[in-house]
Amino acid sequence: MVTAKQLDELDPLKNFKDEFYMEEGQVYMDGNSLGLMSKRAEAKLMGLMDSWKSFGIDGWTEGENPWFTLAEEMSARIAPLVGAKANEVMVTGSITSNIHQMLSTLFQPTSEKSVILVDELNFPSDIYAVESHLRLRGLNPATAMRKVASRNGYTLETEDIVDQLTEDVAIVLLPSVLYRSGQLLAIREITEAAHAKGILVGFDLAHSIGAMPHTLHEDGVDFAVWCHYKYMNSGPGGTGGLYIHERHHQLLPGNAGWFGSDKAKQFDMDHQFSKAEGAGAYQIGTPNIFSMAPLLGSIEIFEEAGISRIREKSLQLTSLLREQLALNVPELADVTPRPDNERGGHIALSHPEAARICKALKDGGVVPDFRAPNIIRLAPVALYTSFEDVERTVETLKKIMAEELYKNYSNERNVVA
């Protein structure tokens, strides 16, 4: 049997761990909530701060990374990670603001088609955005937003989603990976089923971008949104991203702004909006340069590591984690789907004392993620988690459960992102 130490020695990505800052002796299993800082991300941020210091206003057009075209240049490099054409991706906004932009652009309700289909396990912010958007359109969220139900409280069945693709549905908005369970949805199958009924499809890639490859253009997905601060390691509140298939690029942005202008005409200062070509049109405000800067360093790392190799190691790590958990801590219920093609980059465990267990884990040197009311999420990230880290995590959990160390902690929730 191959040991964790041997797996680490054979790991082609092992040297990337040295790129990241982490507390000595700590195992960080919370990269699906906030990724660690890399030395390159830090360097890029400092470099762009220096460009402000050195060039002032001329930083928009001078220096190693001129700010005026920085978002477009970064977007072209992000596009391969989501399987899109360069002009279909834009580094901009946040998940929530980009949902509003995509819905305001693509959602064109009629008396026959006015429903937005979501799911009951979706992240709250996405639901809040859909509800508020519907109200702005004069629609009642109680009837114009429909939720696909889960059979077990953790996962969704593709057939249940397809069954809800009724004639009154205009748009489907689903997560690519469910944050609670780590389930990876059948993106292509859902998209094809929706398109067969004239329904547009969008996905929130928050829990999948940077952990696995995507094929958004090939799959025919109409739009997608995401953050970069989880597996992409761009830092807290880092600028997000959006994708819009090229077949929709003729549409005016529902929420127009100056930076959605054709760059050749942007400084004409004309009150007539000249729409940029491609996804750049769906920017709104001035790029947040310092929030984008760390992503420059992350992109370099991803280009060197390769997203396919990252996915391969991620699957190996999560497989080892769940196998060891089943052997050593069977009282923690693994609620993540078993097949490789049905799970993302984290494993979700259910237990009534999840909050207390997470606190005990953290004090034991392992940083987990808790999600109310009863979920422990563990995300071994391919770029900075070793196979021995996985073993240590399981050993720590085993001790906590065997000795009931979690009983030393309160069940009150800590505030986490």
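Is region 41-182 best put as rounded, prolate or oblate by its Cα gyration tensor, with a ≥ b ≥ c the root eigenvalues, rounded for a/c under 1.5, and otherwise prolate when a/b is larger than b/c, oblate when not? Prolate is the answer for region 41-182, as a/c is 1.5 or above and a/b outweighs b/c.
Of the residues M292, M401, M269, the one that moves most in a GNM of the chain with alpha-carbon contacts below 10 Å is M269. With 22 Å as the limit, the listed pairs K44/K230; K17/K399; K362/K399; K85/K197; K14/K398 have K17/K399; K85/K197; K14/K398 beyond it between alpha carbons.
For region 90-135, what is the convex hull (Cα atoms) projected area averaged across all directions, in square nanometres?
Working: hull surface 14.9 nm².
Result: 3.7 nm².
Estimated purely from DSSP H runs of n ≥ 4, each contributing -39500 (n - 2.57), the mean residue ellipticity at 222 nm for the chain is -11000 deg cm²/dmol once divided by its residues. Measuring max minus min along each principal axis, the C-alpha atoms of the chain give extents of 69, 56, 38 Å (largest first).
So what is the relative contact order for region 209-259, in percent, with contacts set as C-alpha pairs under 8 Å and at least six apart? List each step's numbers first, then the result.
Working: 41 pairs, mean separation 16.6, N = 51.
Normalised by residue count, the contact order of region 209-259 is 33 percent.
Go ahead and run the numbers for FRET between A333 and E120, Cβ-Cβ distance against an R0 of 25 Å, rounding to 0.05.
Numbers: r = 20 Å, r/R0 = 0.79.
It comes to 0.80.
Amide H contacts of D222 (H built 1.01 Å from N, in plane; Pro and chain starts excluded): V201 sit under 5 Å, all sequence-distant by 5 or more or on other chains.
Computed over the chain, relative contact order equals 22 percent, with contacts defined as Cα pairs under 8 Å that lie 6+ residues apart.
For D58 and S274, a Förster radius of 25 Å and the Cβ-Cβ distance give a FRET efficiency of 0.55, rounded to the nearest 0.05. In this rough spin-label picture, where each label sits 7 Å from Cα along the Cβ direction, the A149-Y128 distance is 2.7 nm. Near the amide H of K147, within less than 5 Å, lie the amide hydrogens of V118, all on another chain or at least 5 residues away, with H placed in the peptide plane. Amide H contacts under 5 Å for S261: A276, restricted to partners 5 or more places along the chain or on a different chain, H placed in the peptide plane at 1.01 Å from N. Between T96, T110, T239, the Gaussian network model of the chain with springs among Cα atoms under 10 angstrom shows the greatest mean-square fluctuation at T110. What the Cβ-Cβ distance of N140 and E189 gives, at R0 = 35 Å and to the nearest 0.05, is a FRET efficiency of 0.70.
Annotation: the residues V221, V118, V162, sorted from fewest to most other C-beta atoms within 10 Å of their own C-beta, follow the order V162, V118, V221. Using alpha carbons only, how many degrees (0 to 90, rounded to 10) separate the axis of helix 307-328 from the longest principal axis of the chain? The angle comes out at about 30 degrees.
Placing +1 at every Lys and Arg Cβ and -1 at every Asp and Glu Cβ, with all other atoms neutral, what dipole size does region 44-303 have around its Cα centre, in debye to the nearest 20? Roughly 460 debye for region 44-303. Once the Cα atoms of helix 95-106 and of the chain are each reduced to a long axis, what angle between those two axes, in degrees from 0 to 90 to the nearest 10, is obtained? The helix 95-106 is inclined about 40 degrees to the chain.
Rule-based calculations on the coordinates, nothing more; no lab input. The structure displayed is predicted, hence computed values, not measured ones. Neighbour counts run over all protein chains shown; Cβ positions are idealised from the backbone, glycine included.
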